[in-house]
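Chemist: Just passing along the structure, written as structure tokens.
The values are calculated or read from the model by the stated rules, or taken from the named source; none is laboratory data. What you see is a predicted model, and the numbers here were worked out from it, not measured in a lab. Virtual Cβ from ideal backbone geometry, glycine too; neighbours counted across all protein chains shown. Accessible surface areas use protein heavy atoms only, side chains included; no ligands, DNA or RNA. Shrake-Rupley method; radii C 1.70, N 1.55, O 1.52, S 1.80 Å.
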Amino acid sequence: MENSEKTEVVLLACGSFNPITNMHLRLFELAKDYMNGTGKYEVIKGIISPVGDAYKKKGLISAHHRVIMAELAAKNSKWLEVDTWESLQQDWIETATVLRHHQEKLEASSCDQQQDSPVLERPGRKRKWAEQRQDFSQKKSLEQTKTKGVPKVKLLCGADLLESFGVPNLWKGEDIAKIVGDYGLICITRAGNDAQKFIYESDVLWKHQNNIHLVNEWITNDISSTKIRRALRRGQSIRYLVPDLVQEYIEKHSLYSSESEERNVGVILAPLQRKTAEADT
């Protein structure tokens, strides 16, 4: 299948990234290999979107630091980038809204590119054959761009996020339907995670199962942000678990400690707060 017939895809990962680890970066590589390997898609970009401070998760340090660490982690990548829009919002933003924001951003960018393209006038009699050929090539290129369409944003996640859809009051039913129905999900699974069974047991996930891509992580990696923070609290090395630049930044600013881990203790997670507020109104 030629590239012009493939659907261009942008991978979006939302999360705390507290801190970002090598495993987070591996998720993007695994998803890209899988999607490109289907022959139907071409992954053109990956976006890391750290959640804002208003999420109120236990131990969540300032978004300012988490964004900088993510940028340092993606510094040497040719296709990964960090987006700050979600992290800069005063209130917590649902994942479905973040997906919509990035899809609309891509659509607006595509419209701008088409408007900026030169208007092709009908060649006059005195125009040279070489100029006519150049105009034909430009017109053909423009038509191919329009046919190709706008890239599609898909949510990249681990099996834990997929299974969190089943946690009472954590997700809105309509948001789950939008995520898997309107955008699509690429879920990295590992041994012990029966993601297929979870999809089978959910009516909404089963309905959109063709838009959920399960990617097996054959070379398992058990790195997690929680374990990284625990090691740092205990004065243990985290080298080779996070990018070197991230490790240096953490050490320079003494980011993770027993005190920072107590941040937001006793505070209800933002999605649950919103659910409670809606129930009271």
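Chemist: Only one of (1) open to solvent by 30 Å² or more (accessible area, probe 1.4 Å); (2) in contact with a Ser or Thr (Cβ under 7 Å, 6 or more places away or on another chain); (3) small (Gly, Ala, Ser) fails for residue 159. Which number is that?
Modeler: (1)
Chemist: Select from region 148-176 the residues that are closer than 25 Å to residue 109 by Cα and in a loop (DSSP other than H, G, I, E, B) and list them in ascending order.
Modeler: 149, 150, 151 - these are the residues of region 148-176 that are closer than 25 Å to residue 109 by Cα and in a loop (DSSP other than H, G, I, E, B).
Chemist: Return a yes/no flag: does region 29-38 have any residue that is assigned to a loop (DSSP other than H, G, I, E, B) and either more than 12 Å from the chain's Cα centre (by Cα) or closer than 22 Å to residue 151 by Cβ (or both). If you could, list the steps in order and put the result at the bottom.
Modeler: So the first thing to find is which residues in region 29-38 are assigned to a loop (DSSP other than H, G, I, E, B), and the list is 38.
Pick out the ones that are also either more than 12 Å from the chain's Cα centre (by Cα) or closer than 22 Å to residue 151 by Cβ (or both) and you get 38.
For region 29-38, residues assigned to a loop (DSSP other than H, G, I, E, B) and either more than 12 Å from the chain's Cα centre (by Cα) or closer than 22 Å to residue 151 by Cβ (or both): present.
Chemist: Between 236, 247, 273, which is open to solvent by 40 Å² or more (accessible area, probe 1.4 Å), polar (S, T, N, Q), touching a Lys or Arg at 6+ places or on another chain (Cβ under 9 Å) and part of a helix (DSSP H, G or I)? Please lay out each step first, then the result.
Modeler: On the way: 236 fails: part of a helix (DSSP H, G or I); 247 fails: open to solvent by 40 Å² or more (accessible area, probe 1.4 Å).
Every option except 273 fails the conditions.
Chemist: Same structure again: Can you spot a residue in region 87-97 that is without any contact (Cβ under 8 Å) to a residue 12 or more places away in the chain and open to solvent by 50 Å² or more (accessible area, probe 1.4 Å)?
Modeler: Restricting attention to region 87-97, the residues satisfying the condition of being without any contact (Cβ under 8 Å) to a residue 12 or more places away in the chain are 97.
Still in the running and open to solvent by 50 Å² or more (accessible area, probe 1.4 Å): none.
No, the conditions are met nowhere in region 87-97.
Chemist: Restricting the search to region 189-233, which residues are over 14 Å from residue 157 (Cα atoms), in a loop (DSSP other than H, G, I, E, B) and not aliphatic (A, V, I, L, M)?
Modeler: Passing the criteria: 192, 194, 201, 202, 208, 218, 220, 221, 222.
Chemist: Separate question: Would you be able to tell me the number of residues in region 27-73 that are closer than 21 Å to residue 187 by Cα and among the β-branched types (Val, Ile, Thr)?
Modeler: Selection size over region 27-73: 6.
Chemist: To continue, here is another question. Under the condition of being closer than 21 Å to residue 67 by Cα and touching a residue at least 24 places away in the same chain (Cβ under 8 Å), which residue from region 250-262 is most open to solvent (accessible area, probe 1.4 Å)? Spell out how you get there, then give the answer.
Modeler: Quick first cut of region 250-262, residues closer than 21 Å to residue 67 by Cα only: 250-257, 259-262.
Narrowing the set further to residues that are touching a residue at least 24 places away in the same chain (Cβ under 8 Å) leaves 250, 253, 255-257, 260-262.
Values: 250: 6, 253: 77, 255: 19, 256: 19, 257: 36, 260: 21, 261: 23, 262: 109 Å².
It comes out as 262.
Chemist: Could you tell me whether any residue of region 52-74 is of a type in the set (Val, Ile, Thr), under 13 Å from the mean Cα position of the chain (by Cα) and at pLDDT 95 or above? If you could, list the steps in order and put the result at the bottom.
Modeler: At the first step, the residues of region 52-74 found to be of a type in the set (Val, Ile, Thr) are 61, 67-68.
Still in the list and also under 13 Å from the mean Cα position of the chain (by Cα): none.
Checked region 52-74: no residue is of a type in the set (Val, Ile, Thr), under 13 Å from the mean Cα position of the chain (by Cα) and at pLDDT 95 or above.
Chemist: Name every residue in region 164-208 that is of a type in the set (D, E, K, R) and exposed (fewer than 15 other Cβ atoms within 10 Å of the Cβ), in order of residue number. Steps first, please.
Modeler: Start the filter on region 164-208 by keeping residues that are of a type in the set (D, E, K, R), which leaves 172, 174-175, 178, 182, 190, 194, 197, 201, 203, 207.
Residues satisfying the conditions are 174, 194, 197, 201, 203, 207.
Chemist: Looking at residue 265, is it of a type in the set (Val, Ile, Thr), under 24 Å from residue 51 (Cα atoms), exposed (fewer than 12 other Cβ atoms within 10 Å of the Cβ) and in contact (Cβ under 8 Å) with a residue 24 or more places away in the chain? I'd like the intermediate steps shown before the answer.
Modeler: Working: of a type in the set (Val, Ile, Thr): yes; under 24 Å from residue 51 (Cα atoms): yes; exposed (fewer than 12 other Cβ atoms within 10 Å of the Cβ): yes; in contact (Cβ under 8 Å) with a residue 24 or more places away in the chain: yes.
So residue 265 fits the description; yes.
Chemist: Assuming residue 64 fulfils every condition listed in (1) touching a Leu at 6+ places or on another chain (Cβ under 9 Å); (2) closer than 30 Å to residue 275 by Cα apart from one, which condition is it?
Modeler: Among (1) touching a Leu at 6+ places or on another chain (Cβ under 9 Å); (2) closer than 30 Å to residue 275 by Cα, residue 64 violates only (1).
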